[in-house]
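Following: one structure in structure tokens, then a few remarks.
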Amino acid sequence: MHSDEAVPTDERESDPIPLSALQHAVYCLRQAALIHLERMWAENRFTAEGHVLHVAADKPAQRKVRGIRRVAALPLASKRLGIAGIADLVEFHGDGQVPFPIEMKRGKPKLHRADEVQLCAQALCLEEMTGRDVPEGALYYAETKRRLVVPFDEGLRRLTEETAAKLREIFSTFQTPPATFRADRCRACSLLELCRPKASAKLARQWRDRMVQAALAEEESAM
Ligand code: SF4
């Protein structure tokens with residue numbers, strides 16, 4: 001195990017955060033809150049393809065391939081991190097007891113670390129559930145039809161734990177973070193039409209300016 005940091009009891013006992021929320025949170029914390037807290041969802045081509053891929057992988061099954069035990073659709077949870085979900089596929093390497101999670105993804109490897117964080121969160125669940133270290137896993141991309149091996153190093157573990165902590169904060173306070181428009185991120189976002197980040201940011205600025213003007217006017221009238 002790589003971290004013994006304790007989570008307060010009240011947080012551990014609340015509903016677990018879905019593993020997929022970590023992937024959304026790395027991409028955009030607001031997106032994660034809109035989907036998992038406010039239950040907004042908009043399908044675009046990217047999410048539709050991902051959904052088809054996961055439906056295909058979501059049939060529980062266990063078999064051996066070239067001597068390696070493989071379990072599909074394995075339920076996972078970490079009480080310490082307050083997260084839970086289902087692994088697409090887990091192989092058991094080494095002596096047949098070392099979990100090796102594999103997450104199926106549409107498209108190809110991305111520049112951000114969202115997919116790696118979701119996979120690492122699965123590894124942290126598996127470590128807590130099995131008591132075995134999980135040193136690496138793999139992302140399988142439908143477009144390249146290749147496995148990309150991901151080592152769970154300290155940096156990735158830290159990022160994963162920090163992301164889970166941010167989500168616990170959002171879930172416990174029910175506060176959706178405000179929108180911040182970033183062209184590289186927002187243009188591919190399935191929630192662009194619902195979120196309207198440019199308009200939201202403008203409205204937030206207008207509201208803040210009105211509040212400042214009102215406070216100044218109140219101060220002046222009190223003098
Ligand atoms: S449109 Fe942009 S700010 Fe809004 S949820 Fe998507 S990525 Fe986040």
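Could the peptides 19-29, 210-220, 90-100, 177-187 be put in order, highest first, of the mean number of other beta-carbon atoms found within 10 Å of their residues?
Packing order, densest peptide first, comes out as 19-29, 90-100, 177-187, 210-220.
Could you give the length gained by full extension between Met129 and Met104, i.e. 0.36 nm per residue of separation minus their alpha carbon distance, to one decimal place?
6.8 nm
Rounded, prolate or oblate: which one fits the stretch 125-170, using the alpha carbon gyration tensor with axes a ≥ b ≥ c (rounded when a/c is under 1.5, else prolate when a/b beats b/c, else oblate)?
Judged from the Cα gyration tensor, the stretch 125-170 comes out oblate (a/c at least 1.5, b/c at or above a/b).
Which order do peptides 73-84, 102-113 fall in by mean Cβ count within 10 Å, highest first?
The densest-packed peptide leads the list: 73-84, 102-113.
Hey, can you grab everything whose amide H is under 5 Å from the amide H of Ile83? Only 5+ residues off in sequence or another chain; H modelled, so Pro and N-termini drop out.
Residues meeting the criterion, in which the H sits 1.01 Å from N, are Ile17, Ser78.
If R0 is 35 Å, what FRET efficiency do you get for Arg187 and Val149 from their C-beta distance, rounded to 0.05?
Step by step, r from the Cβ atoms, then E = 0.70.
When the Karplus curve 6.51 cos²θ - 1.76 cosθ + 1.60 is applied with θ = phi - 60°, which whole-Hz ³J(HN,Hα) does each residue of the stretch 69-82 get, with x for Gly and Pro?
So the Karplus estimates, Gly and Pro as x, are 6, 10, 10, 9, 6, 8, x, 10, 7, 10, 5, 4, 8, x Hz.
Under 1.5 on a/c is rounded, so check that first for the stretch 75-185, then, if it is not, pick prolate when a/b is larger than b/c and oblate when it is not; a ≥ b ≥ c are the square roots of the alpha carbon gyration tensor eigenvalues.
It is oblate, given that a/c is not under 1.5 and a/b is not larger than b/c.
Read-outs throughout are calculated quantities, based only on the coordinates presented, and are distinct from any laboratory measurement. All figures in this text were calculated on a predicted structure; none of them were measured in a lab. Every residue, glycine among them, receives a Cβ derived from its backbone with ideal geometry; neighbour counts consider all protein chains shown.
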